[in-house]
Amino acid sequence: MEFRGELPKTLAILREACDASGVGFEVVDTYSGFVVRLTKGPHSFPVCASKLSVYPINRATSASIARDKTWAHYVLEAGGYRVPPGDYFFLKTPRAGWERPPGRERADAFAYAARISDNYKKPLIAKPNAGTGAHFVTFVTGETDLRHALDLITVEDEIALVQSFVDQPEFRLFLVDGEIMFIYRKTRASIRGDGLANIRELTAALAAGARRPVDLRALLASPFLAWRLRSRGLTLESVLPGGETLQVDAVSNISAGGQFTGFIEPSEPLRAWARRIARTIGLRVTGIDAFSHSELRDTADIIVTDVNGSPNLGTLHDMGHKKIVQDVWTHILHKTFHEPWPDGF
């Protein structure tokens with residue numbers, strides 16, 4: 001049966017790269033289009049647009065570990081890399097016949113959160129352990145926020161991470177066999193004052209112009225915006241002076257409303273750091289989300305918040321950076337069909 005529907009964006013982009021590289025592209029899941037087969041000469045690989053990994057040169061085990069944020073943090077810390085301070089907690093009762101040690105249940109999350117936040121004097125982040133795309137990531141400034149966050153996460157996941165909020169410049173790195181293909185800086189959604197409109201009006205304008213739907217009421221009532229306003233002695237009715245900016249959302253993922261602020265040329269020390277961390281994680285294609293106070297100039301201050309075995313290229317593609325995306329996929333396809341497995345992976 002021939003597939004007549006619309007391919008997932010990830011695979012639609014891949015099909016363009018296959019056409020340009022002389023690689024056969026066959027849809028084998030004719031219902032949803034989520035599974036395809038890539039063929040060139042005697043070699044053939046199935047590929048799936050799933051949360052595991054769309055990249056055929058990634059090992060499934062490494063991709064699975066990367067998708068589990070707790071496991072990934074264990075691997076990173078054992079390798080000497082920094083991760084946000086935090087811990088994980090189970091949200092559901094164990095399955096029949098499976099017992100686990102005490103100390104990591106939902107109730108324990110509240111005592112832990114109060115301790116690492118100094119009784120919520122410092123904000124926290126709660127997120128699903130296997131979450132992607134910033135879904136269900138919640139900014140927490142009190143016990144009520146945390147209870148609400150855990151209720152939301154329970155719908156999505158059995159495990160929640162509770163972490164200290166890191167308020168530093170944030171970056172996305174995309175690596176292939178440890179080599180940096182690109183880096184860009186991303187920031188939380190922000191408004192810029194004009195000396196006339198108040199914060200409520202500027203936020204409404206931002207939401208109206210967003211690339212994806214934004215719940216304005218939820219944004220205006222968010223704990224993050226309230227925290228930012230308190231820290232600067234402002235209210236929603238305050239007029240933001242001309243040229244001043246104010247972050248209004250805790251999430252910086254571009255696919256979830258964050259803002260792209262440009263590509264960055266990596267230094268040689270950063271390239272060496274990338275080669276080491278790629279081998280530590282065990283992923284040939286790796287997306288890394290990282291904070292860095294020095295803006296990646298000093299690799300010692302980098303805090304890795306997420307590693308991804310199926311990093312999304314669709315957002316860059318939609319933003320007009322199609323050549324970069326196609327060059328990356330062409331590079332990966334060449335490695336898939338023409339290069340032996342490199343040492344260290």
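The values are calculated or read from the model by the stated rules, or taken from the named source; none is laboratory data. On a predicted model such as this, the values are computed, not experimentally measured, just so you know. Please note: Cβ atoms are built from the backbone with ideal geometry, for glycine as well, and neighbour counts cover all protein chains shown.
Being crowded, with 18+ Cβ neighbours inside 10 Å and either outside the structural domain of S310 (by TED's automatic domain parsing) or not in a helix (DSSP H, G or I) (or both) is the filter here; which residues of the range 29-68 pass it?
Step one: list which residues in the range 29-68 are crowded, with 18+ Cβ neighbours inside 10 Å, which gives 33, 36, 38, 47-49, 53-58, 62-63, 65-67.
Scanning the range 29-68 gives G33, V36, L38, V47, C48, A49, S53, V54, Y55, P56, I57, N58.
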Review point. How many residues, within the range 107-157, are part of a helix (DSSP H, G or I), more than 18 Å from A221 (Cα to Cα), without any contact (Cβ under 8 Å) to a residue 24 or more places away in the chain and not charged (D, E, K, R)?
Key: 3
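Tell me, please, whether a residue that is crowded, with 20+ Cβ neighbours inside 10 Å, of a type in the set (S, T, N, Q), in a loop (DSSP other than H, G, I, E, B) and under 20 Å from the mean Cα position of the chain (by Cα) can be found in the range 280-289.
Scanning the range 280-289 turns up no residue that is crowded, with 20+ Cβ neighbours inside 10 Å, of a type in the set (S, T, N, Q), in a loop (DSSP other than H, G, I, E, B) and under 20 Å from the mean Cα position of the chain (by Cα).
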Review point. Can we say F345 is aromatic (F, W, Y), in contact with a Pro (Cβ under 9 Å, 6 or more places away or on another chain) and either modelled with pLDDT of 95 or more or within 20 Å of A63 (Cα to Cα) (or both)?
Key: no
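Determine if the range 208-223 includes at least one residue that is surrounded by 15 or more Cβ atoms within 10 Å (Cβ to Cβ) and either modelled with pLDDT of 95 or more or of a type in the set (S, T, Y) (or both). Full working, then the answer.
Here is the first cut: in the range 208-223, the ones surrounded by 15 or more Cβ atoms within 10 Å (Cβ to Cβ) are 214, 216, 219-220, 222-223.
In the following step, the residues that additionally are either modelled with pLDDT of 95 or more or of a type in the set (S, T, Y) (or both) were identified as 222.
Checked the range 208-223: at least one residue is surrounded by 15 or more Cβ atoms within 10 Å (Cβ to Cβ) and either modelled with pLDDT of 95 or more or of a type in the set (S, T, Y) (or both).
Check A66, A60 and return the single one that is touching a helix residue (DSSP H, G or I) at 6+ places or on another chain (Cβ under 6 Å) and within 30 Å of T299 (Cα to Cα). Walk me through it before giving the result.
Details: A60 fails: touching a helix residue (DSSP H, G or I) at 6+ places or on another chain (Cβ under 6 Å).
The match here is A66.
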Practice item. Can you confirm whether the range 164-184 contains a residue that is assigned to a strand (DSSP E or B), modelled with pLDDT of 95 or more and under 30 Å from K92 (Cβ atoms)? Key: yes
Check your understanding: Restricting attention to the range 144-166, does a residue exist that is in contact with a Gly (Cβ under 8 Å, 6 or more places away or on another chain) and at positive phi?
Key -> no
Point to revise | Residue identified as loosely packed, with under 13 Cβ neighbours inside 10 Å and either outside any helix (DSSP H, G or I) or touching a Lys or Arg at 6+ places or on another chain (Cβ under 9 Å) (or both) among E26, E99, E77 | key: E99
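Does A290 satisfy the criteria of being among the small types (G, A, S), touching a residue at least 60 places away in the same chain (Cβ under 8 Å), in the same structural domain as Y74 (by TED's automatic domain parsing) and touching a Gly at 6+ places or on another chain (Cβ under 8 Å)?
Here the answer is no, as A290 does not meet what is asked.
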Review point. How many residues does the range 151-168 contain that are out of contact with any helix residue (DSSP H, G or I) (no Cβ under 6 Å at 6 or more places or on another chain), surrounded by 15 or more Cβ atoms within 10 Å (Cβ to Cβ), farther than 13 Å from P84 by Cβ and not charged (D, E, K, R)?
Key: 4
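Could you list all residues from the range 1-17 that are in contact with a Ser or Thr (Cβ under 9 Å, 6 or more places away or on another chain) and either under 19 Å from G309 (Cα atoms) or touching a residue at least 40 places away in the same chain (Cβ under 8 Å) (or both)? Reasoning before the result, please.
Let us first name the residues in the range 1-17 that are in contact with a Ser or Thr (Cβ under 9 Å, 6 or more places away or on another chain), namely 1-5, 8, 10, 17.
Those that are in contact with a Ser or Thr (Cβ under 9 Å, 6 or more places away or on another chain) and either under 19 Å from G309 (Cα atoms) or touching a residue at least 40 places away in the same chain (Cβ under 8 Å) (or both): P8, T10, A17.
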Check your understanding: Going through the range 290-320 one residue at a time, which ones are assigned to a loop (DSSP other than H, G, I, E, B) and either modelled with pLDDT under 95 or under 17 Å from the mean Cα position of the chain (by Cα) (or both)?
Key -> S292, I302, G309, S310, P311, N312, L313, M319, G320
